[in-house]
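All of the numbers you see were taken from the coordinates with simple rules; none came from a lab. Keep in mind the model is a prediction, meaning the values are calculated, not measured. Cβ placement follows ideal geometry from the backbone for every residue including glycine, while neighbour counts extend to all protein chains displayed.
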Amino acid sequence: MASPRLGAGSRGLPQPQLLVLLPLLLLGPWPAAGHGGKYSREKNEPELPPKREPGGEFRMEKLNQLWEKAQRLQLSPVKLSELHADLKMQERDEFAWKKLKAEGLDEDGEKQAKVTRSLSVILAKYGLDGRKDARAVSSNSLSDPIEEDSLEDPRLEKLWHKAKTSGKFSSEELDRLRREFQHHKEKVRAYSVLLETLSRTEEIQENVISPFDVSRVKEDVLHSKHAELKDRLRGINQGYDRLRQVSHQGYGAEAEFEEPRVIDLWDLAKSSNFTEKELESFREELKHFEAKIEKHNHYQKQLEISHQKLKHVESFGDREHVSRNKEKYAVLEEKTKELGYKVKKHLQDLSGRISRARHNEL
């Protein structure tokens, strides 16, 4: 019965055209070509993937670009793991700032300035600001790991040479002292970035005419930044005095903490308005924090050793041996990154507690 009706409906059409037309009729109505209706190929094909590859380390493209640049610079595995943790913290802070901005809670731009300064410090710290790329390319050799970076200050270099040749330090104590020197260098860098940012802000302020109330808010922000600069400079001077004393006398048994960041936190906590009970609680938390740092340091050393071994195996080993070492290295690398992020986050939390206590004091 279907054949006669089909023949009647298609009277006058050549048979080959009928065979082509029939499947199209069964599909139902379609839009005119070139109008891009909801059934068009353009609307139904999946969207192009974002610029960032699916396996990217970070959700923000600019941070992925920095990460890729650091890898091109051949930073050591430990430096890369430290950078990874810093970039993770930066990403967290930037997303938090964007949320505040969307809610209208950063009218004076202070949070944005803080996020920008933080990124500038990271760029300077790892030689990603374009100024020190040549110095940032470091060897992966383990022959003398404590000589990996320049201290960038003749006074520090002189103190370090004196301590290293004094015979007053064991190899473990020299590692500890070198960490203190590196920590001091990073504090100086952060101070320089803040000083430069503040100078640019004041220069802009002088050339912009604002309503009185807006200008007053900005003046308050600048005053806050000057206070922060003053505190940082005081900390740098105290840190240098400590390094000079330790370099000449060696480490004494009376030291309560060993890690530079923990020592700084403890000194700040003692000068804040914590009650005796709060201070004791903070001391206990610092002990846990120091243990976390020591664990992270251990994994960093293991990562360096694993990297050196992997390079050796890649040169002389068979495929199975290389594959096995790559797997071990990847596991260590991931664990080191994870611990690095936890250390940075814990440090930020502890610093925030001290900052709030000092603010309440005012």
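Full extension of the chain segment joining HIS346 with LYS164 gains 62.4 nm, where the gain is 0.36 nm per residue of separation less the Cα-Cα distance.
Computed about its Cα centre, the charge dipole of region 260-359 is approximately 160 debye, with only Lys, Arg, Asp and Glu carrying charge at their Cβ.
Compared with the alpha-carbon gap, the fully stretched path from GLN65 to GLU228 is longer by 55.6 nm at 0.36 nm per residue. What is the Cα centroid distance between region 59-77 and region 266-297, reported in whole angstrom? Cα centroid to Cα centroid, the span is 33 Å. Between the beta carbons of ALA291 and ARG356, assuming R0 = 22 Å, the FRET efficiency works out to 0.35 to the nearest 0.05. For a straight C-alpha distance cut-off of 23 angstrom, the lysines reachable from LYS101 (same-chain residues fewer than eight places away being disregarded) are LYS62, LYS88, LYS111, LYS114, LYS218, LYS225, LYS345. Length gained on full extension, SER192 to GLU152, computed as 0.36 nm times the residue gap minus the Cα-Cα distance: 13.1 nm. Within region 81-107, whose backbone N sits under 18 Å from a point 7 Å along Cα→Cβ of GLN302? Inside the label zone: 81-82.
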